[in-house]
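The values are calculated or read from the model by the stated rules, or taken from the named source; none is laboratory data. What you see is a predicted model; the values in this text were computed from it and never measured. Positions of Cβ are backbone-derived with ideal geometry, glycine not excepted, and every protein chain shown enters the neighbour counts. Side chains included, ligands, DNA and RNA excluded: accessible areas come from the protein's heavy atoms. Shrake-Rupley method; radii C 1.70, N 1.55, O 1.52, S 1.80 Å.
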Amino acid sequence: MTPMNSKKWIDLHLHTLASDGTFTAQEVLEKAREAHFSAVAITDHDSVRALEEARFHGEKFGIEVISGIELSAYHAEQEVHILGYFFDDKNVLLLEKLKEFQSAREKRIHAIVKKLQEIKINISLDDVFKLVGDGAAGRLHVARVLYEKGIVTHPSEAFKRFLSYGKPAYVPKEKISTWEAIDMIRKAGGIASLAHPVFLPQEKLIASFVQEGLQAIEVYHPEHSSGVTDHYRKMAIEHGLLMTGGSDCHGLAKGKMLIGSVRTPYELLEPLKKRALN
Ligand code: AMP
Ligand code: ZN
Ligand code: FE
Ligand code: FE
């Protein structure tokens, strides 16, 4: 992709092998360079493990690397993803919590595979953990095994038929509230942003998350059409929230490589940085 005039762009939502993406941090930075991004945030689910490698390659390529994380919280039964930025990724309390979440994720895979076996979908734990490697295990790893075995025709079909809420192999993650997720990020010195608000069941929840300390909202996302993007930009202004954005790229885990498909203006980064320092 060629740079569109001299404007600078960022991607603040990227997954690596440290969670359910398929690229190493180095590969993500290489793709970010090819797509002419000036800054990126690696936002793995419950893991900051890729940050060091990302920073190393970022420095080499002249790309700013921001600490990031994606936490899954729950509002009642509904999953709400909270992104964190600019926090101290050596914060002991945060690292302890992440370790706990990662081991809960492993146990959850055992429960999911068992539920699948109960409905005669026979995949083994080994199949899943081969894909997980030493990353944070998730449902997308299970979905990929089901896809590779020809049980579903696309990983997203695995969610629709088996893995989503209300489906036969659904198992919730260790449940934390949106307040807890926001608090974890803020206590480590970071900014908490609501990921892909288009997936929220009720938009009025945004106001309650603001009460809980939410500071930003993801305005740019591949699931946001330009109308939806405009809508959340207005919501951000209305609620006094800063804006974030990114491709939510999982490498090739969902079929298509998304880095470069969503371009977020660099100007949004300064106010985020400033707020994190306060
Ligand atoms: P987990 O963190 O294990 O609960 O899994 C959540 C992840 O699964 C999300 O971040 C997405 O990467 C992926 N995911 C969730 N729903 C779908 C879906 N319908 N199709 C494809 N991937 C999905
Ligand atoms: Zn994911
Ligand atoms: Fe998410
Ligand atoms: Fe994500």
### Message
Which pairs turn up if I take residues in segment 26-41 that are open to solvent by 60 Å² or more (accessible area, probe 1.4 Å) and look for partners that are among the charged types (D, E, K, R) with beta carbon separation below 7 Å, at least 6 apart in sequence or on another chain?
### Response
Q26/E53
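Quick check on this structure: which one of E96, E100, E79 is in contact (Cβ under 8 Å) with a residue 40 or more places away in the chain, surrounded by fewer than 22 Cβ atoms within 10 Å (Cβ to Cβ) and farther than 14 Å from G135 by Cα?
Just one listed residue meets the conditions, E79.
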### Message
Suppose we filter segment 185-199 for residues that are in contact with a strand residue (DSSP E or B) (Cβ under 7 Å, 6 or more places away or on another chain) and either assigned to a loop (DSSP other than H, G, I, E, B) or open to solvent by less than 50 Å² (accessible area, probe 1.4 Å) (or both); how many remain?
### Response
9
### Residue in segment 17-63 that is farthest from ligand 4 (Cβ to nearest atom), counting only those that are in a helix (DSSP H, G or I) and among the basic types (K, R)
K60
### Task
Would you point out which residue out of K204, K187 is under 26 Å from S103 (Cβ atoms) and not hydrophobic (A, V, I, L, M, F, W, C)?
K187
### Message
Report every pair of residues separated by at least 6 positions or lying on different chains whose Cβ atoms are under 8 Å apart, first residue within segment 138-164 and open to solvent by 60 Å² or more (accessible area, probe 1.4 Å), second small (G, A, S).
### Response
Y147/A158; H154/G255
#### Entry: Condition check for Y232: over 16 Å from the mean Cα position of the chain (by Cα), hydroxyl-bearing (S, T, Y) and either within 16 Å of ligand 2 (Cβ to nearest atom) or surrounded by 20 or more Cβ atoms within 10 Å (Cβ to Cβ) (or both)
yes
### Test: G227 is touching a strand residue (DSSP E or B) at 6+ places or on another chain (Cβ under 9 Å), more than 16 Å from ligand 3 (Cβ to nearest atom) and free of Cβ contacts under 8 Å to residues at least 60 places away in the same chain
no
#### Entry: Among (1) in contact with a strand residue (DSSP E or B) (Cβ under 6 Å, 6 or more places away or on another chain); (2) surrounded by 21 or more Cβ atoms within 10 Å (Cβ to Cβ); (3) over 30 Å from R161 (Cα atoms) - the single one E64 does not satisfy
(2)
### Message
Please determine whether any residue of segment 205-219 is closer than 26 Å to D89 by Cα and of a type in the set (F, W, Y).
### Response
yes
